[in-house]
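Trainee: Below is a structure I'd like to ask you about.
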Amino acid sequence: MHANILVIAEHLKGRLSGIVFEMLGKAHALATETGGGVEVLLMGHGVRALAEELGLASRVLLCDHPALAAYTPQACLDVAEQVIARRAPDLVLIASSSMGLDIAAPLSVRLGVPHVSSCRDLRITAGRAIVTSQMYGGKMLVESHLDLRGAIVSVLPGAFPEDAGRIAREAVIEALPVEGLDAPHMRFTRLIEQSGTDIDITQTPVLIAVGRGIQNRENIAMVEELAAIAQGAVCASRPVVDQGWLPMTRQIGRSGMIVKPKLYMALGISGAPEHVEGMKDAELIVAVNTDAQAPIFGIAHYGVVADIADVVPALTEALRNAHAPA
Amino acid sequence: MNIVVLMKQVPDLVEELEVDAGGTLLDRAWLRFITSEYDDHALEQALLLKEQHGGTVRVLALDMGEADEMLFTALAKGADSAVKLSGDFATGIDSHSAAGIYRHALEGASFDLILTGVQAIDDLDGPAGAMLATHLGLPYIGVVSGIDVDTANGEAHVRKEYPGGLLAEFTVDLPAVIGIQAAMQPPRYVPISRIRQTMKTASIDETAAQGERIAGAISVERMYKPERAGSATMLEGSADSIAERLLDILTEHGIGR
Amino acid sequence: MDLTAAPFLGIPEYALLWALSAVCIGLFALRIAFFVRILRLAKPESRLHHIGKRLRMVMTDVLVQPRFFDRTSAVHAIVWPVHLVIFWGFVCYAVTFGWSLVKGLVPGLPIPWPEEIPIVATLVDLFGGIVLVALAIAAFRRYALRPRGVKRTVDAGIILVLIALVMLTSLAGAAAGIAGRGEATPEAWLPFAGMLAGLFTPSGAPALQHAFWWSHMGIVLGFLAYLPYSKHFHLLASPFGVFLGQTDAIGKMRADDSAEVEGRFDLRDFTWRELLTPLACAECGRCDRACPSYNSGEALSPQDLVHGLKEHVLAAGPLLLRANGGAAALRPAMNGAFPPDAVWACATCASCMEHCPVRNEHLPLITRARRRLVSHGAVDAHLRDTLTAFARYGNSFGQSERARAKWTQGLPFRLKDARKEPVDVLWFVGDYASYDVRVQNITRAVATLFDRAGLDVGILYDAERNAGNDARRIGEEGMFEMLAEKNVAALSHCTYNRIVTTDPHSYNTLRNEYPDYGLSAPVVHHTELLLDLVRGGALRVSPLSIRATYHDPCYLGRYNGVYDAPRALLRAVGVELAEMPRNRRDGYCCGAGGGRIWMEDRPGSGERPAESRVREAVALGDVTVLVSACPKDIVMFQDALKTTGNEGALAVRDVAELVLQAAAAFAPAAQEV
């Protein structure tokens, strides 16, 4: 059967999120396989330029309205519901992101269709969608089967290659009327940027990241020493920042920074999806963790099962010796 | 400010997870439960708002895992009442069904705010809080790490986290449902003696969970542990030999001069 | 000679003396009554058992004062003779003063003046002179040498001057007497007064002698009135403090007796003995100098903590008394008396108590403050996570209890499960020994030694929980109770004769506190047991030739007096021991106790205790190994070796590792096959 797939786009500060291209690329491949088509729903105000980037889609459905100028969960939910109801796709893909988390599940309730979250892989076989989701902090994979009757799938960033969705092709854009956004119970007021004088870790080529496994604040000094020798910076997963051991400007992950350094060394980080989202695109990932089963080893290029208190000083020493004039 | 907090128990990842013989569920024999981290933050945020504005905090939970312990702990921390919704949840429950049960439990109740964790590690079909909001016709915002309530105008100013360290601020009319990513302070510590005392003096309201189970919407075919993806090359040996090996790898990649 | 018979301005002098005495003694009595009433508001505490032991404590700590002898430096060592002289001089002068007062109040009383008895006159003269010399040394030390922890308060200055005046007026009076008579009291040897006698002319001397007598009496009476209002109240309170000191093991903490979890922290939350502590304090600063946190620049000064409580007693006491102990609204809260950062900085090493000359008890005050903070949830993030881990998993590592015995994997022999079969010795392993990868090797070494010795030993496997020693000292009493109950329940299902533990913290609570929870078996530390095994021949060793120094873990040494077994064991395996300057009761804490290991150092604080200790060991120059007998020490010292850059200079080892080395030298793995 033909699978017609609708991808819901998201954008922030005038740029489409990478996940949109991941979903678009995957949707296009699946649609091609089954002889269906892909539509992308783009909501915003004055965002036609973004629609132009989505040429791979059979059609870009553009909902332009002042009330959509900034992402607002309620407005997006209302518009998406209308569009989906009207277009009746077989499958809807939404990003498993800060924005997607607000609307995917409510859409499934409003539309009376199933929803599967945290998708890491997606296939269509015998007229059913087979979704592999990452559950329990990445410690389990769950495969669920869905009828292609409008099911909604939330896709984890990093699940599919982004490049597949970034094909330069002229976009077919169809503007849709937007209705019923008059009395919102929810108003966007402002965007708050983490201002600060801290270094910008998105621009640092070497990042040494610490997680729960760091145990205590004193150990951060040890890691900072390593970072200094490696000419990099220390960053962290959420628990470390929540402890107040590093500033928020150093947080990597869904609610932190998205980084693509040359080296990402994950020390005592288990690799929960929220964190992986922020660092999966690093060129070289080295993970050190005492738990051999930690999901971080699933995305790392090199792994060491050891205590960071042993490995870090040894590596610091090795780097120091390497730098020392012979 | 009358606040409802939805809390739930999830498998504790400290224990090794195993799949049961059926191949679609976690093996219950080794399972141990813990309060979902985000729900703990939701409770903390509720208690902070209560301290600021007065009112009550009412905690709702399905009878799963160590629900009693979780609810008594919530009472010991300062919640005013705790409701346990009992039913057959031995093999867990999907969020759609849970949202339906909460809807029944809250119908006709009066409250200004419902707080719950933005998600849980076992929310295969999404967060129940977001779905409950739809059932109740209330606005919902998730991934929130800051709330200020303006009681005079009946609205809340919430800060939602975006990637890249950005925060978006929204004004929401109350009542509303908020999915908490983090409370404005880390969850408080409550001494064991207070929990024990609470177990003796306070009580949990128990009512039967109502609402239809929405079974079959998703059929889980398989649950399995991820293989340690072939991608990672594992380095073994003494700390020093590992360090030497890492040094070579970094040099290969042109890192560290 | 009747010094008070003549009238002065028409009033008989004895009447004036009556009036002056009434005022001064009245002021004195008022203050004493105030303190007594405060203490009566406080909680009860039984301190009248062990009378014999108490009398012995008074005999030594009041009459001989050995705790004043501080061998760590000359500046401090000098205080012992100085204080002892001043103390005994004071006793002598107090007796003669009382005597003179009675005689002065009742003219014509048919007893001689004290100075009329040659031996008394000589004693008074000698003490007067020697005390003046002692005062000069004390003043020089305090004001010129300015040792750390010794405060230069106005109070301290006034006291020094007053004592000097008491002595001077007495000596001058005696000197004037000599000048007036042209000779000393018959047969009395008065070397100091004799030296001063030349200053006076025979004609003016009688009037001066009279004036000096009055000055002396006036100053002493004034002193009496001033005394209880000054830090010198310790002079009266400390003998009681010593008599009422702790006679039980210091490792046994009192259960939480706070009546309510909520409510305010005020004087009535303390026991009367705890409130006596600040009254008995002489502000000598020994506690500060002995305190590892104070020395590291943490927010804690035990002396200031005690002083803060005293200020609170003085400020809040009258309000409380006026409110007659009731009226909650009038209960003044503790305010700044116990700042949280100071309270949390304590490593509970008990060095302050060990070194307090008046046997004051600082730790119960800190525990009380901590319990109050914990009851309000006021704990920092790391500590909160640790406590939560205790509650959930029974260990501080936040790991599953099922992983507790993971360290046994790979042992070439099977360690019995004490839950399933009877054992002679039940080994309570402890958290760090079980979970910390840096310590597990030591734990395996101990297991190997037990196996080699053929010891019938087993462990509790998953059923063991943290013993709760540190949880209790963090102030989480409910957590301690829960952990103790769980451990005692697990132990009650086992058959065993005695318990051995590799962890001094567990050792302390199992031995001193678990009996209250139903544990009756004897508890030994692994160094004690290994010593028996080596001495009894069950464990054969070839002597090593290593020169090492031994660090006394606080909870083994100061808390439980186990100083000799580890040393004897080390010598038995051929280790040549060099002592660090701070050894045995002066042993310097690694900084990990009382939950400190799970807390943050104060930003910008100085050298950490473990670093100081490692440097002390390195400074010995010729030792290659720093030996300890506590897993937390091992972890702390290994870190400190790195942070002080001494990794090459010194190795950190547990006693058991050296014993295994010696055992392996005797029979390389013979019994492992």
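Trainee: Among the helices (runs of 4 or more DSSP H) lying completely within the stretch C:485-572, list those that include at least 3 residues that are under 32 Å from the mean Cα position of the chain (by Cα) and assigned by TED's automatic domain parsing to the domain that holds C:Gly458.
Mentor: The helices (runs of 4 or more DSSP H) meeting that bar are C:504-512, C:526-535.
Trainee: Just give me the residues in the stretch B:177-213 being surrounded by 19 or more Cβ atoms within 10 Å (Cβ to Cβ), of a type in the set (Gly, Ala, Ser) and within 14 Å of chain C (Cβ to nearest Cβ), in sequence order.
Mentor: Listed by number, the residues that qualify are B:Ala182, B:Ala183, B:Ser193.
Condition check ((1) of a type in the set (A, V, I, L, M, F, W, C); (2) on the phi < 0 side of the Ramachandran plot; (3) free of Cβ contacts under 8 Å to residues at least 12 places away in the same chain) across all residues:
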residue	(1), (2), (3)
C:Pro7	no, yes, yes
C:Leu17	yes, yes, no
C:Leu30	yes, yes, yes
C:Lys43	no, yes, no
C:Val58	yes, yes, no
C:Thr72	no, yes, no
C:His76	no, yes, no
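Trainee: Now a separate question. What residue, of C:Pro147, C:Pro112, C:Pro107, is farther than 24 Å from C:Met217 by Cβ and either under 34 Å from the mean Cα position of the chain (by Cα) or not in a helix (DSSP H, G or I) (or both)?
Mentor: Working: C:Pro112 fails: farther than 24 Å from C:Met217 by Cβ; C:Pro107 fails: farther than 24 Å from C:Met217 by Cβ.
Only one candidate passes the filter, namely C:Pro147.
Trainee: Can I ask one more? Of A:Gly138, A:Gly165, which residue is among the small types (Gly, Ala, Ser), touching a helix residue (DSSP H, G or I) at 6+ places or on another chain (Cβ under 6 Å) and within 9 Å of chain B (Cβ to nearest Cβ)? Give the steps one after another, and end with the answer.
Mentor: Details: A:Gly165 fails: within 9 Å of chain B (Cβ to nearest Cβ).
It is A:Gly138.
Trainee: Now a separate question. Can you find, within the stretch A:73-104, the residue that is surrounded by the fewest Cβ atoms within 10 Å (Cβ to Cβ) among those that are at pLDDT below 95 and part of a loop (DSSP other than H, G, I, E, B)?
Mentor: If we take residues in the stretch A:73-104 being at pLDDT below 95 and part of a loop (DSSP other than H, G, I, E, B), then A:Ser97 is surrounded by the fewest Cβ atoms within 10 Å (Cβ to Cβ).
Trainee: Still on this structure, please answer the following. Only one residue in A:Ser144, A:Ser117 is within 14 Å of the chain's Cα centre (by Cα), free of Cβ contacts under 8 Å to residues at least 40 places away in the same chain and assigned to a strand (DSSP E or B), so which one is that?
Mentor: Details: A:Ser144 fails: within 14 Å of the chain's Cα centre (by Cα).
Among A:Ser144, A:Ser117, only A:Ser117 is within 14 Å of the chain's Cα centre (by Cα), free of Cβ contacts under 8 Å to residues at least 40 places away in the same chain and assigned to a strand (DSSP E or B).
Trainee: Taking the stated definitions as given, is A:Arg149 basic (Lys, Arg) and either part of a strand (DSSP E or B) or at the interface with chain B (Cβ under 7 Å from one of its Cβ atoms) (or both)?
Mentor: Criteria not met by A:Arg149.
Trainee: So if I check each of A:Ala233, A:Ala294, A:Ala300, which one is crowded, with 21+ Cβ neighbours inside 10 Å, at the interface with chain B (Cβ under 7 Å from one of its Cβ atoms) and touching a residue at least 12 places away in the same chain (Cβ under 8 Å)?
Mentor: Values: A:Ala233 fails: at the interface with chain B (Cβ under 7 Å from one of its Cβ atoms); A:Ala294 fails: at the interface with chain B (Cβ under 7 Å from one of its Cβ atoms).
Testing whether each residue is crowded, with 21+ Cβ neighbours inside 10 Å, at the interface with chain B (Cβ under 7 Å from one of its Cβ atoms) and touching a residue at least 12 places away in the same chain (Cβ under 8 Å) leaves just A:Ala300.
Trainee: Also: Pick out the one residue from C:Thr153, C:Thr169 that is assigned by TED's automatic domain parsing to the domain that holds C:Trp213, surrounded by fewer than 16 Cβ atoms within 10 Å (Cβ to Cβ) and polar (S, T, N, Q). Give the steps one after another, and end with the answer.
Mentor: Details: C:Thr169 fails: surrounded by fewer than 16 Cβ atoms within 10 Å (Cβ to Cβ).
After ruling out the rest, the residue left standing is C:Thr153.
Trainee: Which of the residues belonging to the stretch A:306-321 are within 7 Å of another protein chain (Cβ to nearest Cβ) and either among the β-branched types (Val, Ile, Thr) or in contact with an Asp or Glu (Cβ under 7 Å, 6 or more places away or on another chain) (or both)?
Mentor: Hits for the stretch A:306-321 are A:Val311, A:Ala314, A:Ala318.
Trainee: Which of the following residues is free of Cβ contacts under 8 Å to residues at least 60 places away in the same chain, touching a Lys or Arg at 6+ places or on another chain (Cβ under 7 Å) and farther than 30 Å from A:Val131 by Cα: B:Leu167, B:Leu136? Quick ask: steps written out before the conclusion?
Mentor: Details: B:Leu136 fails: farther than 30 Å from A:Val131 by Cα.
Result: B:Leu167 is the single residue among B:Leu167, B:Leu136 that is free of Cβ contacts under 8 Å to residues at least 60 places away in the same chain, touching a Lys or Arg at 6+ places or on another chain (Cβ under 7 Å) and farther than 30 Å from A:Val131 by Cα.
Trainee: Which residues, taken from the stretch C:172-193, are surrounded by fewer than 17 Cβ atoms within 10 Å (Cβ to Cβ) and free of Cβ contacts under 8 Å to residues at least 60 places away in the same chain? Let's see the steps before the verdict.
Mentor: Narrowing the stretch C:172-193 to residues surrounded by fewer than 17 Cβ atoms within 10 Å (Cβ to Cβ): C:181-183, C:186-187, C:189, C:191.
Within the stretch C:172-193, C:Arg181, C:Gly182, C:Glu183 qualify.
Trainee: Something else: Write out, first by first residue and then by second, each pair whose Cβ atoms fall under 7 Å of each other, whose residues are 6+ apart or on separate chains, and whose first residue, in the stretch A:175-188, is under 15 Å from B:Pro175 (Cα atoms) while the second is hydrophobic (A, V, I, L, M, F, W, C).
Mentor: Pairs found: A:Pro184/A:Ala67; A:Pro184/A:Ala75; A:His185/B:Val172; A:Met186/B:Ile141; A:Met186/B:Phe170; A:Met186/B:Val172; A:Arg187/B:Phe170.
Trainee: Any idea which of (1) in contact with a Phe, Trp or Tyr (Cβ under 6 Å, 6 or more places away or on another chain); (2) farther than 20 Å from C:Ala467 by Cα is the one C:Leu415 doesn't satisfy?
Mentor: (1)
Trainee: Would you say A:Gly256 is buried (at least 23 other Cβ atoms within 10 Å of the Cβ) and either modelled with pLDDT under 85 or at positive phi (or both)?
Mentor: Values: buried (at least 23 other Cβ atoms within 10 Å of the Cβ): yes; either modelled with pLDDT under 85 or at positive phi (or both): yes.
Considered against the rule, which asks whether it is buried (at least 23 other Cβ atoms within 10 Å of the Cβ) and either modelled with pLDDT under 85 or at positive phi (or both), A:Gly256 comes out as yes.
Trainee: Another question about this same structure. For the stretch C:360-390, how many residues are in a helix (DSSP H, G or I) and farther than 13 Å from C:Met479 by Cβ? Even if it seems obvious, please write down each step before you answer.
Mentor: In the first step, residues of the stretch C:360-390 are kept if they are in a helix (DSSP H, G or I); the result is C:363-375, C:381-390.
Then keep just the ones that are farther than 13 Å from C:Met479 by Cβ; that gives C:363-369, C:372-373, C:381-382, C:385.
Qualifying residue count for the region: 12.
Trainee: If C:Arg67 satisfies every condition in (1) over 20 Å from C:Thr277 (Cα atoms); (2) not in a loop (DSSP other than H, G, I, E, B) but one, which is the exception?
Mentor: (1)
Trainee: Something else now. Can you confirm whether A:Gly244 is within 14 Å of chain C (Cβ to nearest Cβ) and surrounded by fewer than 18 Cβ atoms within 10 Å (Cβ to Cβ)?
Mentor: Working: within 14 Å of chain C (Cβ to nearest Cβ): yes; surrounded by fewer than 18 Cβ atoms within 10 Å (Cβ to Cβ): yes.
Yes.
Trainee: Another question, then. Of all residues in the stretch B:132-176, which are touching a strand residue (DSSP E or B) at 6+ places or on another chain (Cβ under 6 Å), among the polar types (S, T, N, Q) and within 7 Å of chain A (Cβ to nearest Cβ)?
Mentor: B:Thr171
Trainee: Would you confirm, using the coordinates I've provided, whether A:Asp163 is acidic (Asp, Glu), closer than 19 Å to A:Glu33 by Cβ and surrounded by fewer than 16 Cβ atoms within 10 Å (Cβ to Cβ)?
Mentor: Numbers: acidic (Asp, Glu): yes; closer than 19 Å to A:Glu33 by Cβ: yes; surrounded by fewer than 16 Cβ atoms within 10 Å (Cβ to Cβ): yes.
Criteria met by A:Asp163.
Trainee: Another question, if that's okay. Going residue by residue through the stretch C:255-273, is there one that turns out to be assigned to a helix (DSSP H, G or I) and modelled with pLDDT of 90 or more? Before the answer, list the steps.
Mentor: At the first step, the residues of the stretch C:255-273 found to be assigned to a helix (DSSP H, G or I) are C:267-269, C:272-273.
Retained after the next criterion (residues that are modelled with pLDDT of 90 or more): C:272-273.
There is at least one residue in the stretch C:255-273 that is assigned to a helix (DSSP H, G or I) and modelled with pLDDT of 90 or more.
Trainee: Then there is this: Any residue at all in the stretch C:597-619 that is assigned to a loop (DSSP other than H, G, I, E, B), closer than 16 Å to C:Arg653 by Cα and in contact (Cβ under 8 Å) with a residue 12 or more places away in the chain? Before you say what the answer is, go through the steps one by one.
Mentor: Residues of the stretch C:597-619 assigned to a loop (DSSP other than H, G, I, E, B): C:599-608.
The next check asks that each one be closer than 16 Å to C:Arg653 by Cα; those that pass are none.
The answer is no, given that none of the residues of the stretch C:597-619 is assigned to a loop (DSSP other than H, G, I, E, B), closer than 16 Å to C:Arg653 by Cα and in contact (Cβ under 8 Å) with a residue 12 or more places away in the chain.
Trainee: Follow-up. Given (1) at positive phi; (2) more than 14 Å from chain B (Cβ to nearest Cβ), where does A:Gly112 come up short, assuming only one miss?
Mentor: (2)
Trainee: For the subset of the stretch B:109-131 comprising residues that are more than 11 Å from every other protein chain (Cβ to nearest Cβ) and not hydrophobic (A, V, I, L, M, F, W, C), which member is farthest from B:Thr35 (Cα to Cα)? Spell out the reasoning first.
Mentor: To start, the set of residues in the stretch B:109-131 that are more than 11 Å from every other protein chain (Cβ to nearest Cβ) comprises B:109-117.
Imposing the further condition that a residue be not hydrophobic (A, V, I, L, M, F, W, C) reduces the set to B:110, B:112, B:116-117.
Numbers: B:Ser110: 26, B:Asp112: 24, B:Thr116: 12, B:Gly117: 10 Å.
Result: B:Ser110.
Trainee: Right, next: Please tell me if C:Leu365 is modelled with pLDDT of 95 or more and either surrounded by fewer than 22 Cβ atoms within 10 Å (Cβ to Cβ) or not small (Gly, Ala, Ser) (or both). Steps first, please.
Mentor: Working: modelled with pLDDT of 95 or more: no; either surrounded by fewer than 22 Cβ atoms within 10 Å (Cβ to Cβ) or not small (Gly, Ala, Ser) (or both): yes.
For C:Leu365, the condition - modelled with pLDDT of 95 or more and either surrounded by fewer than 22 Cβ atoms within 10 Å (Cβ to Cβ) or not small (Gly, Ala, Ser) (or both) - is not met.
Trainee: Against the definition (more than 9 Å from chain B (Cβ to nearest Cβ), crowded, with 17+ Cβ neighbours inside 10 Å and of a type in the set (A, V, I, L, M, F, W, C)), how does A:Ile199 come out, yes or no? Show your work before the answer.
Mentor: Numbers: more than 9 Å from chain B (Cβ to nearest Cβ): yes; crowded, with 17+ Cβ neighbours inside 10 Å: no; of a type in the set (A, V, I, L, M, F, W, C): yes.
Criteria not met by A:Ile199.
Trainee: Something else: Filter the stretch C:386-408 for residues that are of a type outside the set (Ser, Thr, Tyr) and at the interface with another protein chain (Cβ under 8 Å from one of its Cβ atoms) and give the result. Full working, then the answer.
Mentor: We begin by selecting, within the stretch C:386-408, every residue of a type outside the set (Ser, Thr, Tyr); these are C:387, C:389-392, C:394-395, C:397-399, C:401-407.
Within the stretch C:386-408, C:Leu387, C:Ala391, C:Arg392, C:Gly398, C:Gln399, C:Arg402 qualify.
The values are calculated or read from the model by the stated rules, or taken from the named source; none is laboratory data. Just so it is clear, the structure is predicted and the values come from calculations on it, not from any experiment. For neighbour counting, all protein chains shown are included, and Cβ atoms are generated from backbone atoms with ideal geometry for every residue, glycine included.
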